[in-house]
Amino acid sequence: MNSVLLPLSLILRLPSRLSSRRHQLQPQYSIGHHVHFKSSVSRSYPSNSHCCLCAHQPAIGAMVPSDEGPVSVINFEDFVEKDWSFLDFDELNPKEEHKQKIAQIISAGGIEETSRVLVSVGSEEFVDQLVDTSTCSLLLVVHDSLFLLACIKEKYDKVKCWQGELIHVPEKWAPLDVVFLYFLPALPFTLDQVFGTLAKCCSPGARVVISHPQGREVLEQQRKQHQDVLVSELPDKMTLQKVASDNCFEMVEFVDDSGLYLAVLRFSGAKN
């Protein structure tokens, strides 16, 4: 998969409501990790979304940072995103209760003003609440969806957005102090691969928070509906403890209730 860092110069607009249910994103050209898009329609996303990419091309002088190096071009044909609508708030559940669960997940990270925070496969509402309630020195959102990252970037200019797979995130953002694996089952990797990667980029004492704000039962329903996106399960306590220990993480909290999954692990430091 090609990994893309969304630049500050990505130009967006906010319509009152998307006029179509499908949007196709086609790259116009690429400079390093900076990619600019023209948009035609062909991508599945819920009708209550409020953000789309538009076909404006900024001046070249604003597009070529002096330290970007050689220009590389990535050609995509008919780039179509997966349906990530399951990340959005479920209106069948009380909204205030859902916000409280997200607050509990965020609190488990123990974020401080100096923290460097990564969110992997987070929902837009999770990022909204995180930005509203916590102050940190770096917030990096990693996701497979260019569309979702573009919506986040439009609202929060200081939030770093990187499109791609967790195990390929550049080391330039390390060391990380807090990592939220908001939807771990959407990652197509083994637990050992995930924790092996995090062990290389986490600072001593860093906290990794694995969560699902609606619990394992709802996850199973989501997996049946989104089999192309949710490719694994939430780990049970013993499995998670074993893999975490093998990679120098220790479990400090574990909740596996019908309405919430929450596991918090602390990094003790790299192996000698």
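For the residue pairs Lys172/Lys242; Lys101/Lys160; Lys95/Lys200; Lys172/Lys224; Lys101/Lys153, the alpha carbons lie more than 32 Å apart in Lys95/Lys200; Lys172/Lys224. Counted over region 135-272, the DSSP beta bridges are approximately 60% antiparallel. Dimensions of region 100-174 along the principal axes, based on C-alpha atoms and rounded to the nearest Å, stand at 28, 24, 21, largest first. The slack in the chain from Ala174 to Lys224, taken as 0.36 nm per residue of separation less the alpha-carbon distance, amounts to 14.4 nm. Rounded to whole Å, the principal axis extents of the Cα atoms in region 227-272 read 39, 24, 14, largest first.
The convex hull of the Cα atoms of region 113-236, projected and averaged over all directions, covers 7.7 nm².
Any read-out appearing in this document is the output of simple, stated calculations on the displayed coordinates, not a laboratory observation. What you are looking at is a predicted structure, and each value in this text was computed from that prediction instead of being measured.
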